[in-house]
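The values are calculated or read from the model by the stated rules, or taken from the named source; none is laboratory data. None of the values given here were measured: they were computed from a predicted structure. Here the Cβ is made from the backbone with ideal geometry for all residues, glycine too, and neighbour counts use every protein chain on show. Heavy atoms of the whole protein, side chains included, go into the accessibility calculation; ligands, DNA and RNA do not. Shrake-Rupley method; radii C 1.70, N 1.55, O 1.52, S 1.80 Å.
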Number of protein chains: 2
Amino acid sequence: MSGIESLDILTEQFARLPGIGRKTAQRLAFSVLKYSPEEIEAFTSAIKDAKEKIHHCPTCQNLTDRELCPICADAGRDKSVICVVEDARAVMAFEKVRSFRGVYHVLHGLISPMSGITPDALCLRELLLRLEDATVREVIVATGATIEGEATAMYIARLLSPLGVKVTRLAHGIPYGGELEYADEITLSRALEGRRDFE
Amino acid sequence: MSGIESLDILTEQFARLPGIGRKTAQRLAFSVLKYSPEEIEAFTSAIKDAKEKIHHCPTCQNLTDRELCPICADAGRDKSVICVVEDARAVMAFEKVRSFRGVYHVLHGLISPMSGITPDALCLRELLLRLEDATVREVIVATGATIEGEATAMYIARLLSPLGVKVTRLAHGIPYGGELEYADEITLSRALEGRRDFE
């Protein structure tokens, strides 16, 4: 508490953001006070604009500022393969690699009983709708290798099993550049389970 | 780059803040997108309000939303001792301790030739003005024990020496809880130099 009400309120606002502690929030609040009126305007408009312009793509639920997101709108993308991810950041990570030519489906969350996030909170209904006609051949469940990620993957695999669509998941194993002596037991045992023939 | 212009602009705005890298900025931008319209309003008003309401106290240059800051306005504070600090956060740190009953002077920066910050950029003129009448007995230079902090302290000591006011500085030494084996050489040699009799 600084004893200056409007500064405390601003600090509070920064402290609400994920991963920002009280000390950092205070540092950020102080640095904003040094902004020129034009910089203040640029910062606050950026916040409002992003919120106003960005919505979910009606098909894949990814974030977009257009009617359909550029990936769903791209005729060159293979609509028969859907990669299911936790959030828009995962889409960006995959797009950076440029090796995936299918489309995505963004869940906007992972099942987490600890945080009270049930399957209802995820964009799963929208995924089922996309599987209604028979254009989709394969659903790749690409959630992270965390407890929530695996629970969600398992749930989706069971949810889709009656539909006859092929459901796959990402390979787990030693990461590129990873030294065996630093790999944990679970990673090692998965790398072993998932071993492949030399081609 | 997300490919969504307004999201990139918002990420850019967060990345401008001190200590916020690109990855963190993107995380913050995404979390703001999840805000409700009311939360967006609360965040942007907090930024604008803080900037509009907070200014420098005309006496000590500390940040305040009143005409005079509460410390300068407090008749119970000893106006004859001025503690000179780098910024408003240092004032808060001292006020938390509650052992100092004098007043402050906030420089709003430290001399740093590397970053092009010369003495002109600090609120030193305002400090000299406060020393014009003879009410001030002592100036405690309480800048940090960094290169910039010490350079600034040295500069102020020389600047004030013709005025006949007593200029002191904070004690340097082993911090509370500090183990000798982890103290660096400079800290140790200062602790030795500044040794005191048992009382």
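Tabulated data
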read-out	value
Residue of chain A whose Cβ sits closest to the axis mapping A onto B, with distance in whole Å	A:44, 2
Accessible area, probe 1.4 Å, largest first, for residues B:14, A:94, A:100	A:94, A:100, B:14
Centroid-to-centroid separation of region A:48-111 and region A:158-180 [C-alpha atoms, Å]	20 Å
C-alpha long axis of helix A:22-33 to longest principal axis of chain A, angle in °	60 degrees
20 Å binning of all Cα-Cα separations within the protein assembly as shown, expressed as whole percents from 0 upward	21, 39, 27, 12, 1
Residues residue B:34 and residue B:75, FRET efficiency given R0 of 56 Å [Cβ-Cβ distance, rounded to 0.05]	0.70
Under the Karplus curve 6.51 cos²θ - 1.76 cosθ + 1.60, θ = phi - 60°, whole-Hz ³J(HN,Hα) for region A:178-188, x wherever Gly or Pro sits	x, 8, 4, 5, 9, 6, 6, 4, 5, 4, 5
Within region A:120-158, backbone nitrogen closer than 16 Å to the virtual label 7 Å beyond the Cα of residue A:166 toward Cβ	A:134-142
Which listed pairs, of A:23/B:51; A:79/B:34; A:48/B:23; A:53/B:48; A:34/B:48, have C-alpha distances above 24 Å, in listed order	A:79/B:34
Distances in nm from residue A:112 to the matching label points in the other copies, shortest first (labels 7 Å along Cα to Cβ)	3.6
Cα gyration tensor, region A:1-107 - rounded (a/c under 1.5), prolate or oblate	prolate
7 Å along Cα→Cβ, label-point gaps from residue B:21 to other copies, nm, shortest first	1.7
For chain A, with +1 on Lys and Arg beta carbons and -1 on Asp and Glu, the positive-most of A:35, A:110, A:127 along the dipole	A:127
Selection from A:88, A:50, A:68 lying farthest towards where the dipole of region A:22-104 points positive, charges on Cβ	A:88
Scaled radius of gyration (Cα, divided by 2.2 N^0.38 Å) that region A:5-53 gives	1.19
Copy-to-copy label separations for residue A:80, where each label sits 7 Å from Cα toward Cβ, in nm and ascending	9.2
Dipole magnitude (debye, nearest 20) for region A:56-197, charges at Cβ of Lys, Arg, Asp, Glu	440 debye
Inter-label distance, nm, simple model (7 Å from Cα along the C-beta direction), residue B:138/residue B:121	3.2 nm
D_trans [Stokes-Einstein, Kirkwood Rh over alpha-carbon pairs] for region A:56-197, 4 °C, 1.567 mPa s, µm² s⁻¹	80 µm²/s
Angle in degrees between helix A:37-53 and the longest Cα principal axis of chain A, rounded to the nearest 10	30 degrees
Relative frequency of Cα-Cα separations exceeding 16 Å in region B:143-199, percent	56 percent
